[in-house]
Each structure stands twice: as structure tokens, then as C-alpha cells.
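Comments concern the structure below.
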Amino acid sequence: MKKIQVALDGPSGSGKSSLAKRLSRDLGLYYIDTGALYRAVGLYLKECGVTPEDVSAIEAALADCRVSFDFVDGAQRTMLDGRDVSGLIRTPEIAQWASKTSALPAVRALLLSVQRDFARENSVIMDGRDIGTTILPDAPLKIFLTASAEERARRRLKELLEAGQEIDFETVLREQKERDHRDETREISPLRRAEDAVLVDTTALDFEESYLALRRVIEERMEKL
């Protein structure tokens, strides 16, 4: 089978990561969680003591930042300067750090080659905000996955409560909308649908229905390669 690169873009909370992970297992693709890489940078900057607004300090700090990833039993392990931070980056605070700093040229340059180099040599599914528009603009299949802000906030709230975090729906929805605004209006690589991307709206779909919809799209494209 020829190598295929699937670019899966969409706003926060649209289900990209969960769906991409299952699709990768079932279809024999590597799943690259690009959001995890940006979260790792966010964690690094937080630990450095800089602020998201201090661009000069961020650029200086990144000179010593080393983000990488590998796979253990098919699952991605995100590494920061040689240590596994896969669990540490899954908090609302680090998510906000990633959102506030991911558009900075220095941050994007740090991670761009890491992502492209792996995708070039493997069949992958990558999810993020600008995979189809910036990271893999020549990917043979691009999908834009979305859902209403309210539905995405409900899904996120469920995840956080199950993880033992105390938070209410209004807070999650407000943070969701703030993050959407930042992602859609940032100057560099804003969140937008690539012109040739297939649109999949999961507002009225449960996880299994969303999975089947995406799998049909991918399998149809794979048959044509």
C-alpha cells in the first residue's frame, strides 16, 4: 500500500485526537498528536518562568528546548528534553499556554521539521489547527472536523470531570470560545478549513457515528491511491 498522509484539522474539542487515535489503530496509520508537541513547548515555557506575552524571553528560552516523540506499543510518547511529559501536558493550564504561544514563529519553526520529517517517511494521520494548510499542504486527504462551541464544551467538561478536576460548564464554554477566537484570528497559521478539505460536522453525532463517518472518507481515498 502506498503511504498516505491524512491531515485532520478542526477547533479545540471537536474530537480530533480521540478519533484520530482509533482511526490510526484500525487503519494501520501512525497517529501524531501535534497538539501534544505544542503543549510540551507550553510546559517548557511555563517551567522557564517566562510569560506568554514576552516574545523575546520566549525566543531566548527556546534555544535550549528539545521536543521529540516516539512510539511505544503504537502510542505516541511526547518527550521534553529527554523526559516523558505525556501526562503532565494534559491540563487546562498547559492547554492555555499552548494556545497562547503556538502561533509564535519561533515555536512553529521549532516543531515544523519534526512533524514533516516523520510524515514524509510514514503513513500518518495528524491532527491540529493547520495541518492541511501549513504543515502538510500537499497531503492527499484533508479533513476539517467541527462541532458547535456548546457541544465541544460539553464534551470537554465530561473529560475534565472524569479526570477529577473541579470546573463548571460556563467556565469551560468561556475558555472554549476564547481559545476559538485566538486560534481563528492569530496572524500566523490561523485555524481555517483548507479549500480542498472534506467538512465533517459532528455536533449531532456520537463518537461511534463520527468515527464511521471519518473512516468512510479515509478508506475511499486510500482506495484511489
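The values are calculated or read from the model by the stated rules, or taken from the named source; none is laboratory data. Owing to the predicted nature of the structure, the values given are computational and were not obtained by experimental measurement. FYI the Cβ positions are ideal-geometry reconstructions off the backbone, even for glycines, and counts take in every protein chain you see.
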**Study point:** segment 105-117 - residue that is at pLDDT 90 or above and not charged (D, E, K, R) and, of those, farthest from Arg77 (Cα to Cα)
**Key:** Pro105
Practice item. Pull up segment 85-123, narrow it to residues that are aliphatic (A, V, I, L, M) and over 24 Å from Arg192 (Cα atoms), then point me to the one that is nearest to the chain's Cα centre (by Cα). Key: Ile89
Exercise for review: Report yes if Arg90 is surrounded by fewer than 18 Cβ atoms within 10 Å (Cβ to Cβ) and either in contact with a strand residue (DSSP E or B) (Cβ under 8 Å, 6 or more places away or on another chain) or not in a loop (DSSP other than H, G, I, E, B) (or both), otherwise no.
Suggested key: no
Review point. If we keep just the residues of segment 171-197 that are free of Cβ contacts under 8 Å to residues at least 40 places away in the same chain and touching a helix residue (DSSP H, G or I) at 6+ places or on another chain (Cβ under 7 Å), which is surrounded by the fewest Cβ atoms within 10 Å (Cβ to Cβ)?
Key: Lys177
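Take the conditions in a loop (DSSP other than H, G, I, E, B) and at pLDDT 95 or above and apply them to Leu62. Does it pass? Let's see the steps before the verdict.
On the way: in a loop (DSSP other than H, G, I, E, B): no; at pLDDT 95 or above: yes.
The answer is no for Leu62.
This table checks each residue for (1) not basic (Lys, Arg); (2) not in a helix (DSSP H, G or I).
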position: Lys2; (1), (2): no, yes
position: Ser24; (1), (2): yes, no
position: Ala36; (1), (2): yes, no
position: Asp70; (1), (2): yes, yes
position: Arg77; (1), (2): no, yes
Study note, to complete from the structure: Scanning segment 1-10 residue by residue, those of a type outside the set (Gly, Ala, Ser) and under 9 Å from the mean Cα position of the chain (by Cα) turn out to be Leu8, Asp9
**Study point:** helices (runs of 4 or more DSSP H) completely within segment 149-225 that count 2 or more residues being farther than 30 Å from Gly28 by Cβ
**Key:** 149-162, 169-185
Check your understanding: If you check every pair at least six apart or on different chains, which have Cβ atoms under 7 Å apart with a residue in segment 158-170 that is more than 12 Å from Pro92 (Cα to Cα) and among the aliphatic types (A, V, I, L, M) first and a residue that is at pLDDT 95 or above and part of a helix (DSSP H, G or I) second?
Key -> none
Review point. Restricting attention to segment 113-143, which residues are of a type in the set (Val, Ile, Thr) and either in a helix (DSSP H, G or I) or without any contact (Cβ under 8 Å) to a residue 40 or more places away in the chain (or both)?
Key: Val114, Ile131, Thr133, Thr134, Ile135
Review point. Residue check: is Leu141 closer than 19 Å to Lys21 by Cα and within 16 Å of the chain's Cα centre (by Cα)?
Key: no
Study note, to complete from the structure: Out of (1) farther than 24 Å from Ser24 by Cα; (2) modelled with pLDDT under 90, the one Arg129 does not meet is (1)
Review point. Which residues, taken from segment 135-155, are crowded, with 22+ Cβ neighbours inside 10 Å and among the charged types (D, E, K, R)?
Key: Lys142, Arg152
Exercise for review: For Arg108, state whether it is surrounded by fewer than 21 Cβ atoms within 10 Å (Cβ to Cβ), touching a residue at least 40 places away in the same chain (Cβ under 8 Å) and either part of a loop (DSSP other than H, G, I, E, B) or assigned by TED's automatic domain parsing to the domain that holds Arg216 (or both).
Suggested key: no
